[in-house]
Every structure is written in C-alpha cells, then in structure tokens.
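Undergrad: Just dropping this structure here.
Derivation of every value follows stated rules applied to the coordinates shown; laboratory data play no part. The structure displayed is predicted, hence computed values, not measured ones. Neighbour counts run over all protein chains shown; Cβ positions are idealised from the backbone, glycine included.
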Amino acid sequence: MLCFEVVINGSTMCVAGSNKRGGISAIIYQSTASDIAILSLGGLLDEQHVLWIEPGQVVLSAGDELTIRFVETDTADTPRPDEETPPDDAEPEQTVG
C-alpha cells in the first residue's frame, strides 16, 4: 500500500497508510505570531476520523528537518480514532441567540 513516512530530525515518527476507503492528509500550521509550527497527520477511513499525529503532539522549531516520503510498504502504523469527532448521528450543537 502507499503510505506517508514521517521523519523528524532523523527519527521516524510514523508510517501512515491504510487499505481502507478514504484519505489521509498531513497539515503543517505556522502562525505569523509564533516561531513554531504544528504538524498533524490524520484522515477519514471507512467514514471514521483517525489520527497518527494529533495537532500539538509535534511542535516544530526553526532548524527542525521534516521529511514526508510517499512510500510503498506492506505494513503501516495503526491510527487511533479521533475522539473529538462527533458521530454522524450526533445532535447538532444548539446556538443561543
């Protein structure tokens, strides 16, 4: 299967991939008001939101080296369910107005 291999400063953080239906995305966010960047890696697999690297788990600073390689492999790390994603049958939030 095709996977994302994430390496930071020479250490492999994870290999993210799945044979399930869905998609995987890597996001790097850097605010102009800060001197750090935040990496997250997750996706939607079989209609379930999952994470390999949750937002805030990896904080990048100037000089850090981040490599994301697109690799073919037989195995990938198991993601964890994204606990903050409400189920499809959840009631919509009420707004007070």
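Undergrad: Suppose every Lys and Arg Cβ carries +1 and every Asp and Glu Cβ carries -1, with no other charges. What dipole size does the range 2-81 come out with about its Cα centre, to the nearest 20 debye?
TA: Roughly 160 debye for the range 2-81.
Undergrad: Further, regarding this structure: Restricting the calculation to Cα positions, tell me the Rg (one decimal) and the Dmax (whole number) of the range 2-81 in Å.
TA: Rg then Dmax for the range 2-81, in Å: 13.0, 41.
Undergrad: With a 10 Å cut-off between alpha carbons and a GNM built on the chain, which of Ser18, Ser40, Ser31 moves the most?
TA: Evaluated over the chain, the most mobile residue of the options is Ser31.
Undergrad: Can you list residues from other chains, or at least 5 along the same chain, whose modelled amide H is less than 5 Å from the amide H of Asp82?
TA: His49, Val50, Leu51
Undergrad: Got a sec to turn the phi values of the range 21-27 into Karplus ³J(HN,Hα) couplings, 6.51 cos²θ - 1.76 cosθ + 1.60 with θ = phi - 60°, whole Hz, x for Gly and Pro?
TA: My calculation for the range 21-27 gives 6, x, x, 10, 9, 10, 10 Hz in order.
Undergrad: Can you give the extra length, in nm with one decimal, that the chain gains between Ala37 and Thr73 once fully stretched, where that is 0.36 nm per residue apart less the Cα-Cα distance?
TA: 10.1 nm
Undergrad: Under the Karplus relation 6.51 cos²θ - 1.76 cosθ + 1.60, θ = phi - 60°, what is the ordered set of whole-Hz ³J(HN,Hα) values for the range 35-47, x standing for Gly and Pro?
TA: Once rounded to whole Hz, the list reads 10, 10, 10, 10, 9, 9, 9, x, x, 10, 10, 6, 6.
Undergrad: Using alpha-carbon pairs under 8 Å, 6+ residues apart, how would you state the relative contact order of the range 2-81 in percent?
TA: 36 percent.
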